[in-house]
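J.: Let me give you the structure first, and then I'll get to my questions.
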Amino acid sequence: MSKTSPLFNRRGFLASSAAVGVASLLPAAAHAASQDGVIRPFRVDVPEEALIDLRRRVLATRWPDRETVGDRSQGVQLAKVQELVRHWGTDYDWRKAEARLNAYPQFVTTIDGLDIHFVHVRSRHPGALPVIITHGWPGSVFEQLKVIEPLTNPTAHGGQAEDAFDVVIPSMPGYGFSGKPTGPGWNPERIARAWAELMRRLGYTRYVAQGGDWGSPVSSAMARQAPAGLLGIHINLPATVPPDVAAALAGGGPAPAGLSEKEGAAFASLDVFYKKHRAYGAIMGTRPQMIGYGLTDSPVGLAAFIYDYNNGEPERLLHRDDVLDNITLYWLTNSAASAARLYWETSGQSVVLAAAQKTAEISLPVAITVFPGEVYRAPETWARRAYRNLAYFHEVEKGGHFAAWEQPELFSAELRAAFRPLRQSI
């Protein structure tokens with residue numbers, strides 16, 4: 001089908017249906033997936049009928065009855081979701097989010113049979129250190145947009161020219177504008193190999209990797225695989241939980257004897273998270289297709305599911321429109337089910353367990369920043385047991401699970417400090 005077909009709008013994006021999926025938002029040329037290594041420019045231009053359809057669905061929501069308790073122990077409260085949805089259906093403007101994405105150079109390339117979308121911004125400072133940053137669930141490239149400027153232009157953000165980074169931010173397979181796997185096997189190890197190939201295609205012979213949430217096991221897998229050119233990694237959801245603590249958490253029993261104060265606090269946080277706040281992971285790790293039906297058909301169901309993450313962290317620590325940018329991206333790309341399958345690919349395995357993430361096999365330098373609002377505050381004692389080459393460990397005073405999104409300046413400063421010793425290897 002040529003780009004002159006009436007199914008394509010003036011910018012070459014398929015606009016044949018209001019039910020827009022990821023394939024229909026990719027440039028027309030991207031549909032002919034190949035292994036030729038070509039990197040193709042990408043621009044977001046969502047058809048207006050897709051936004052009209054979304055507003056129609058949002059405003060026609062059929063609501064459940066109100067929760068029977070005075071707190072959020074049954075999930076995010078009806079009134080809070082209704083307030084968010086009223087704004088989404090009337091005042092929220094996706095075009096502003098689209099413009100923010102299009103303000104940065106975006107590309108698509110086919111790796112291992114799958115189209116990978118990514119943002120790539122080079123610093124104007126010579127000798128910039130390339131970094132590939134991986135988002136998690138329920139995130140997207142929106143998580144990292146705010147750190148692009150501080151990382152690529154550090155002199156305007158409290159850093160020095162020699163602190164500059166070239167920034168690569170890919171959309172994980174099944175997420176955002178990347179392609180959706182049509183078969184099993186796209187786990188963190190495979191994604192890590194794809195990221196190494198992406199950096200090779202971009203011409204980088206020395207680089208570092210960063211990740212939080214799912215980006216942590218992806219970056220850790222890269223460090224285990226140690227592809228040529230990777231100097232080290234920084235993670236903000238480390239896999240430090242030792243086997244005895246993991247066993248106690250799995251069994252729902254008391255904390256092992258002999259834990260320090262910080263270790264005991266970490267155990268308590270994880271115990272609450274596993275017992276009360278991780279239902280989303282359990283269902284996506286076992287039945288991603290089933291949860292996908294509801295989240296794909298109902299934008300408000302999708303919004304509530306994401307909004308309630310980590311006991312409502314998006315509500316507490318992010319701006320309302322930041323949250324809606326991300327939720328709208330999931331809706332427009334029809335990626336609720338394809339994103340959820342990453343949990344199934346790992347059998348619901350926890351990303352914080354040292355044994356599950358094979359941290360003992362990592363020999364490259366590892367840097368960790370602990371943000372106080374994270375699922376748990378990783379104790380340094382656990383971190384040093386888990387990572388034999390722990391090169392940097394720092395606890396900061398603010399920020400949570402979506403660290404780059406919530407505290408972009410602090411997050412960027414942490415990356416500068418963590419990777420500074422590795423720059424001499426460039």
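The values are calculated or read from the model by the stated rules, or taken from the named source; none is laboratory data. Everything quoted here is computed from the prediction, not taken from an experiment. Reconstructed Cβ throughout: ideal geometry from the backbone, glycine too, with neighbour counts over all protein chains shown. Accessible surface is based on the protein model in full, side chains and every heavy atom, while ligands, DNA and RNA are left aside. Shrake-Rupley method; radii C 1.70, N 1.55, O 1.52, S 1.80 Å.
J.: Counting other C-beta atoms within 10 Å, and keeping those with at most 13, which DSSP coil GluC sites (Glu not before Pro) do you find in segment 353-406?
T.: When the GluC sites (Glu not before Pro) of segment 353-406 are filtered for loop state and at most 13 Cβ neighbours within 10 Å, GLU397 remain.
J.: Next question, about the same structure. Please work out the average accessible area per residue across the chain, using the 1.4 Å probe convention, and give it in Å². Display every interim value, and only then the final one.
T.: Working: 17330 Å² over 426 residues.
Heavy-atom SASA per residue in the chain reads 41 Å².
J.: Another one. Check ILE116: other-chain or 5+ apart residues with amide H under 5 Å from its amide H, H built from backbone geometry?
T.: THR109, THR110, ILE111, GLY179
J.: Where is the GNM fluctuation largest for the chain (alpha-carbon springs, 10 angstrom cutoff): SER171, SER216, SER260?
T.: Result: SER260 has the largest fluctuation of those listed.
J.: In addition: Report, in whole Å, the centroid distance computed from the Cα atoms of segment 95-162 and segment 203-277.
T.: When both Cα centres are located, 24 Å separates them.
J.: Here's something else I'd like to know. Just report the Cα centroid separation between segment 48-69 and segment 311-342, whole Å.
T.: Cα centroid to Cα centroid, the span is 15 Å.
J.: Determine ³J(HN,Hα), in whole Hz, for all residues of segment 89-105 in sequence, where each value follows from phi through the Karplus function 6.51 cos²θ - 1.76 cosθ + 1.60 and θ = phi - 60°; x replaces Gly and Pro.
T.: Ordered by residue, 3J(HN,Hα) equals x, 10, 10, 5, 10, 4, 4, 5, 5, 4, 5, 5, 5, 6, 6, 10, x Hz.
J.: Please check: in the Gaussian network model of the chain (C-alpha springs, under 10 Å), which one of VAL323, VAL167, VAL76 has the largest mean-square fluctuation.
T.: Top of the fluctuation ranking is VAL76.
J.: Rounded to two decimal places and with Rh computed the Kirkwood way over Cα pairs, what is Rg over Rh for segment 257-370?
T.: 1.03
J.: Moving on. Cα centroids of segment 169-185 and segment 358-426: how far apart, whole angstrom?
T.: Cα centroid to Cα centroid, the span is 26 Å.
J.: Turning to a different aspect of this structure: For the chain, modelled as a GNM with alpha-carbon contacts under 10 angstrom, which of ASP244, ASP115, ASP325 fluctuates the most?
T.: Taking springs between Cα atoms under 10 Å, the residue moving most is ASP244.
J.: Could you check the spin-label model distance between ARG40 and THR155? Points 7 Å from the Cα along Cα→Cβ, value in nm.
T.: Inter-label distance under the simple model: 3.8 nm.
J.: Ratio of the chain's C-alpha Rg to 2.2 N^0.38 Å, to two decimals?
T.: Its radius of gyration relative to the 2.2 N^0.38 Å reference: 0.96.
J.: Heavy atoms only, probe 1.4 Å: what % of the accessible area of the chain goes to carbon and sulfur, would you let me know?
T.: Working: 9050 of 17330 Å².
Of all accessible area on the chain, carbon and sulfur atoms account for 52 percent.
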